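The structure under discussion appears below in the form of structure tokens.
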Amino acid sequence: MIIQLKAHAGQNYLERLIRQLDKDGVVRQRLDIYAGDTYTLVGIKGDASQLNEDLYRALSYVLDVHRISDPFKELSRQFHPKTTVIRLSNGHRIGAELTIIGGPCAIESYQQLYKSAKLAAEAGANVIRGGAFKPRTLHRSFQGLGEEGLKYLSKVSQSLGLPVVSEIMDASDIPLFEQYQVDIWQVGARNCLNYAFLDALAQVKHPRPVMLKRGDHVSLEEFLGAALRLYEGNPQVILCERGDKTPDRVHRNVLNLNNVAFIKQNYHLPVIVDPSHGSGVRKLVPDLGLAGIAAGADGLMVEVHHNPEKALCDGAQSLSREFKDLVPLARAIYKLKCGA
Ligand code: PEP
Ligand code: MN
């Protein structure tokens, strides 16, 4: 950490700062002081993560405080060069092979889930998605089947022999997700910064992998901070990029592929791209999904419905038979990128 004093702050201020650091447990021997013509810089050697940088920034004679080491260092490739691999019940390894998640936005009935999941599985999906608890903008819209939906999901998972992912919206549903053995617990975009909820998930005794979706207004720093919160309790964290809201009214969201490339280059958690919510437009889903893999993503999550025109939720962004054409292209790009 480097503390920069205000222009022409004199020796008195430097000594005040040294006394303050000493009170906070940083001895004089750990300080490197550079006195320039205008600015004095005080460098702290070693781990300064325990210092409250806001308190130092608030000192009247301090201009700024610069952190040198990555605040998310546990997630950084500097400390953990290889991508984290998450092994699922069917042996599929997220982070080590291409992950294709397909299935309907919402579980509407057993038949609807089974038909949609089968279509996805036949096209090459290795994980099935389906929402039992749906966070809808309008509370009068279909909210999902709740526990009944989880029952159907577990039945479909058994009959197709594939693991499943579903969104958990509230800590009070943790026992249900444990009971129905949901393989991956999705934290939706709206809950990305719900710290009390993230902490509750991090404290689950026998945790399942958690897939954290980035909120449409959530910065990269906030996203990594939320991931780290989960990671400290449960290292099986998957990140999901699903786009930003922009003034553009043609697209529901705009997929942020900068984030995908940046996170993959610098951090070790696996990243899944969701081109369905990332655009909201069925025709754009395949191209955006492929672009996500090209940007370095470990996989895709795509909404697949056997009859999108009848879908109770997100039919306009759901694929049906087109999904079959997307998967081999995704595999080809992944192979070129990762050689696997
Ligand atoms: C979903 O994936 O079902 C979903 C609701 O997405 P998001 O949280 O990204 O809006
Ligand atoms: Mn949806």
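The values are calculated or read from the model by the stated rules, or taken from the named source; none is laboratory data. Please read these numbers as outputs of a predicted model, since none were measured by experiment. All Cβ positions, glycine included, derive from the backbone under ideal geometry; neighbour counts span all protein chains shown. Surface accessibility is based on the protein's heavy atoms, side chains included, excluding ligands, DNA and RNA. Shrake-Rupley method; radii C 1.70, N 1.55, O 1.52, S 1.80 Å.
Below, the figures for the structure above:
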read-out	value
Whole-Hz couplings from phi, Karplus 6.51/-1.76/1.60, listed for region 22-35; x for Gly and Pro	4, 4, 8, x, 9, 6, 3, 5, 8, 9, 10, 10, 10, 9
Amide hydrogen neighbours beyond the local backbone of Ser279, cut-off 5 Å, H modeled	Asn253
Lys/Arg +1, Asp/Glu -1 at C-beta; region 7-98 dipole; positive extreme among Tyr39, Asn52, Gln78	Gln78
Accessible-area ranking of Glu167, Glu309, Glu15, largest first, probe 1.4 Å	Glu309, Glu15, Glu167
Links that overshoot a 20 Å alpha carbon limit, given the list Lys118/Lys310; Lys155/Lys213; Lys118/Lys155; Lys82/Lys337; Lys82/Lys264	Lys155/Lys213
Choice from Leu300, Leu119, Leu212 showing the highest fluctuation, given a GNM over the chain with Cα pairs closer than 10 Å	Leu119
Within the chain: Cβ-based charge dipole about Cα centre, in debye rounded to nearest 20 (Lys, Arg +1; Asp, Glu -1)	540 debye
With all protein chains modelled, accessible area of Asp199 [1.4 Å, Å²]	50 Å²
J(HN,Hα) series, region 325-330, from Karplus relation 6.51 cos²θ - 1.76 cosθ + 1.60, nearest Hz, glycine and proline x	7, 6, 4, x, 5, 4
Accessible-area value, Glu97, 1.4 Å probe, nucleic acids and ligands omitted, Å²	60 Å²
Whether the chain is rounded, prolate or oblate, judged on the alpha carbon gyration tensor where a/c under 1.5 counts as rounded	prolate
Under 26 Å from the Cα of Lys6 - lysines, other chains or at least 8 residues apart	Lys23, Lys45
Average accessible area per residue (Å²) across region 148-266 - probe 1.4 Å, nucleic acids and ligands excluded	45 Å²
Lys/Arg +1, Asp/Glu -1 at C-beta; region 86-338 dipole; positive extreme among Leu176, Ala117, Pro207	Ala117
By accessible area with a 1.4 Å probe, ligands and nucleic acids excluded, highest first: order of Met169, Met301	Met169, Met301
Region 242-340: C-alpha gyration tensor shape, a/c 1.5 cut-off, then a/b vs b/c	oblate
Under the Karplus curve 6.51 cos²θ - 1.76 cosθ + 1.60, θ = phi - 60°, whole-Hz ³J(HN,Hα) for region 45-52, x wherever Gly or Pro sits	7, x, 6, 10, 5, 7, 6, 7
Area accessible to solvent at His217, 1.4 Å probe radius, in Å²	130 Å²
Three-way shape call for region 267-322 based on the alpha-carbon gyration tensor, with the a/c threshold at 1.5	prolate
Other-chain or far-sequence residues with amide H under 5 Å of Asp244's (modelled H)	Val254, Leu255, Asn256
Region 2-67 - charge dipole about Cα centre, Lys and Arg +1 at Cβ, Asp and Glu -1, debye rounded to 20	120 debye
Accessible surface of the chain [probe 1.4 Å, protein heavy atoms]: carbon and sulfur percent	51 percent
Residue-averaged 222 nm ellipticity for the chain, from DSSP H runs of 4+ at -39500 (n - 2.57), nearest 500	-10000 deg cm²/dmol
